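A short worksheet on the structure shown next.
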Amino acid sequence: MGKINKKYLNNDNLDLKSLISDDEKILWQGKPNPKSYFWAKFFSMFKIVVIWLVFDLTFLGLIIGFNAFSQMPLFVSIFIVIFFILHLTPVWLWIARLIRSKKDCENIEYIITSKRILSKTKQNGVSVDSIYYKDIKEVNLNITWLDRRYKVGDIYITSQTKVLVLEDISSPFETISLIQNITNKLNTEVKLN
């Protein structure tokens, strides 16, 4: 049995460029805009969090306002406090997601080569996705009101088996144009053959 090369097991510092073959050429590379990425995470669950907080704080306010804790046995008061701490889990998850968003954004990297599109994320370990141009079925650009504010966009690249999203990238129109030109060129060559 052969030896295990430990550098492949600890790939937390994986450089996406190291996955590019000699016959590939880097055409574009980028990362998400940190401010836009943060605010996108902020607003993604914001409505749910506000509704959750309004419900829980109203209920707690009524309990405190009517001085109900003083009329309850201690174990019931403790139960209610623990219940609301657990019931606010969506709020705690949202806060944790916001705190983590800066670090997550730093660990995202995108590369467009002459053969494929690569994406690296590092949230719970390193995840690398790639789609070859020949496998691309659809390419779409999504620009929200928040994206317009930061002059960024999200590119959705769909293949038969997965969807790759290039989030909050600068120059989204030029980048999607690059991908579409390469994809169209390959499709034209396939039809001519």
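The values are calculated or read from the model by the stated rules, or taken from the named source; none is laboratory data. No experiment lies behind these values; they were computed from the predicted model shown. Ideal geometry is used to build each Cβ from the backbone, glycine not excepted, and the neighbour counts take in all protein chains shown. For the accessible areas, the whole protein counts, side chains as well, though only heavy atoms, and no ligand, DNA or RNA atoms are used. Shrake-Rupley method; radii C 1.70, N 1.55, O 1.52, S 1.80 Å.
Here are a few things to note about the model shown:
- Residue match in the range 104-113 (condition: open to solvent by 70 Å² or more (accessible area, probe 1.4 Å) and closer than 30 Å to Y132 by Cα): yes
- Lone unmet requirement of (1) assigned to a helix (DSSP H, G or I); (2) modelled with pLDDT of 90 or more; (3) of a type in the set (A, V, I, L, M, F, W, C) for I64: (2)
- Selection of the range 18-50 for residues being surrounded by 12 or more Cβ atoms within 10 Å (Cβ to Cβ) and among the charged types (D, E, K, R) yields E24, K31, K35, K41.
- Condition check for R97: surrounded by 14 or more Cβ atoms within 10 Å (Cβ to Cβ), part of a helix (DSSP H, G or I) and without any contact (Cβ under 8 Å) to a residue 60 or more places away in the chain: yes
- Filtered by the rule that a residue be surrounded by 13 or more Cβ atoms within 10 Å (Cβ to Cβ) and either charged (D, E, K, R) or not in a helix (DSSP H, G or I) (or both), the range 67-94 gives M72, L88.
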